[in-house]
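Here is the structure we will look at, set down as structure tokens.
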Amino acid sequence: MTDAFSLLFAAALALTLCLKLWLGWRHIRHVSRHRAQVPAAFRDSITLEQHRHAADYTVAKTRLGLLSAWVDTALIAAFTFGGGLQWLAVHSLEWFANPLSSGMALIVAVAVISSLISLPFTLYGTFGIESRYGFNKTTFALFMADMIKGTLIGAAIGLPLLALVLWLMEISGPLWWLWVWLVWSGFQLLMVALYPTLIAPLFNKFKPLEDEALKARIEALLQRAGFKSQGVFVMDGSRRSSHGNAYFTGFGAAKRIVFFDTLLSQLSHAEIEAVLAHELGHFKRRHIAKRIAMAFALSLALLWLLGQLLHAPWFYAGLGVAAPSTAMALILFFTATPTFTFPLTPLSSRMSRVHEYEADDFASEQTRAEDLVSALVKLYRDNASTLTPDPVHSAFYDSHPPAALRIQHLKGNQA
């Protein structure tokens, strides 16, 4: 059983890497092949120079992603078949005699190593690609401050949660996975409630929207849609990037509407209203609740499966580990699972794109469809989003419909 599982995992790891490389190269070839001509639907609003800029930006990011895929796969192989996890497990027991402490040390060590290996990609993506194409606004000092704050906050929140999970796995008997799921679900909901007011302000400044004309327009839209919020805020996204965005956060009447300051500078009032209407559509069509419910159901299923594997010697030995432990089970399971599930990625991407179409339909009912069309075209242009993604790559990775299909759908709503 051990050898069979080792071969199965090795095959899945190789297949996933090959699939990622194939998708990336398809995307690069397709974008490059269409680089010389702006799609007909965008020729009046996007210049050839802007189209080429977006194509080159997309190709650069995709190439970095291909290199990252190689390194990620090599790291997984080194951790498992290369004996890296086994070595860390032995040393964590030397560092801490208590099983709970040694288990936490093992997980932290894996997380630190993984983060350090991914750091050069993040740095190059930010200060290489994003800077080269005119999007990065952050300084190295701000980047480091964000990283340090993120690490400290993650440790302050994550370490007690990790200790609780490992403790429950040890003392809760055969149904430990159910107790862990309840704790994890409650934690997720708590973070959604606390993030807007306690965590986000540690990284960005938020101030109430001051444009009275725009505020009145937004309040009228919220009233038409029957939506209550705690307020409309502007975030200083321009400190780090020139990319624009808008989002909702929080629960119930405590929901907040947040605009990046870059978005407000890019769009007209009518276009901002249309973008907001689209975001409202996700709430009114219950997409947020559906996604949360699906995430909770999936996490329950995964924890149940881990419960079946927790005491299976072949699971550990097949991934290069000699002695079972609760901490090692968590690491191995959440290392191996994405390798086996990656081919299913298009299913979640398709559901997300269906939700985007439904939110666009809602926006077309509440505002003018042509305002959302013009807003999206500006965002595609200003964010250098490719107008010609490879269809297969898009089916795997894109949570939003390709630009041409989305604009075509919206123009159908204008009729």
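The values are calculated or read from the model by the stated rules, or taken from the named source; none is laboratory data. On a predicted model such as this, the values are computed, not experimentally measured, just so you know. Cβ coordinates were reconstructed from backbone atoms using ideal geometry, including for glycine residues, and neighbour counts include every protein chain displayed. These area figures cover heavy atoms from the full protein model, side chains too; ligands, DNA and RNA do not enter into them. Shrake-Rupley method; radii C 1.70, N 1.55, O 1.52, S 1.80 Å.
Candidates are the residues of the range 354-395 that are farther than 20 Å from residue 41 by Cα and out of contact with any Lys or Arg (no Cβ under 9 Å at 6 or more places or on another chain); the one that is least open to solvent (accessible area, probe 1.4 Å) is 363. Scanning the range 167-185 for residues being at negative phi and either in contact with a Leu (Cβ under 7 Å, 6 or more places away or on another chain) or open to solvent by less than 40 Å² (accessible area, probe 1.4 Å) (or both) gives a total of 11. Within the range 314-328, being touching a residue at least 60 places away in the same chain (Cβ under 8 Å) and assigned to a helix (DSSP H, G or I) holds for 314, 315, 317, 326, 327, 328. Taking every residue in the range 23-51 that is farther than 19 Å from residue 397 by Cβ and hydroxyl-bearing (Ser, Thr, Tyr) and pairing it with any residue that is assigned to a helix (DSSP H, G or I) and at pLDDT below 95, at least 6 positions away or on another chain, the pairs with Cβ-Cβ distances below 8 Å are 45/374; 45/377; 45/378; 45/381.
For the range 386-398, which residues satisfy the criterion of being in contact with a His (Cβ under 9 Å, 6 or more places away or on another chain) and either not in a helix (DSSP H, G or I) or not β-branched (Val, Ile, Thr) (or both)?
Across the range 386-398, the qualifying residues are 386, 387, 388, 389, 390, 391, 393, 394, 397.
Could we say that residue 60 is at pLDDT below 95 and either open to solvent by less than 30 Å² (accessible area, probe 1.4 Å) or not in a loop (DSSP other than H, G, I, E, B) (or both) here? Criteria not met by residue 60. Within the range 227-256, the set of residues being in contact (Cβ under 8 Å) with a residue 40 or more places away in the chain and among the small types (Gly, Ala, Ser) comprises 238, 241, 242, 244, 250, 254. If the condition is being open to solvent by less than 60 Å² (accessible area, probe 1.4 Å), in contact with a helix residue (DSSP H, G or I) (Cβ under 7 Å, 6 or more places away or on another chain) and part of a helix (DSSP H, G or I), then the range 194-212 contributes only 199.
Residue check: residue 232 meets all listed conditions (1) outside any helix (DSSP H, G or I); (2) over 26 Å from residue 385 (Cβ atoms); (3) among the β-branched types (Val, Ile, Thr) but one, namely (2). Number of residues in the range 28-49 that are open to solvent by 70 Å² or more (accessible area, probe 1.4 Å), within 13 Å of residue 384 (Cα to Cα) and not in a loop (DSSP other than H, G, I, E, B) equals 1. Quick check: is even one residue across the range 120-135 open to solvent by 40 Å² or more (accessible area, probe 1.4 Å) and aliphatic (A, V, I, L, M)? Within the range 120-135, one or more residues are open to solvent by 40 Å² or more (accessible area, probe 1.4 Å) and aliphatic (A, V, I, L, M). Tallying residues that are open to solvent by 20 Å² or more (accessible area, probe 1.4 Å) and closer than 16 Å to residue 274 by Cβ within the range 228-259 yields 4. Among residues of the range 63-112 being polar (S, T, N, Q) and free of Cβ contacts under 8 Å to residues at least 12 places away in the same chain, the one that is most open to solvent (accessible area, probe 1.4 Å) is 98.
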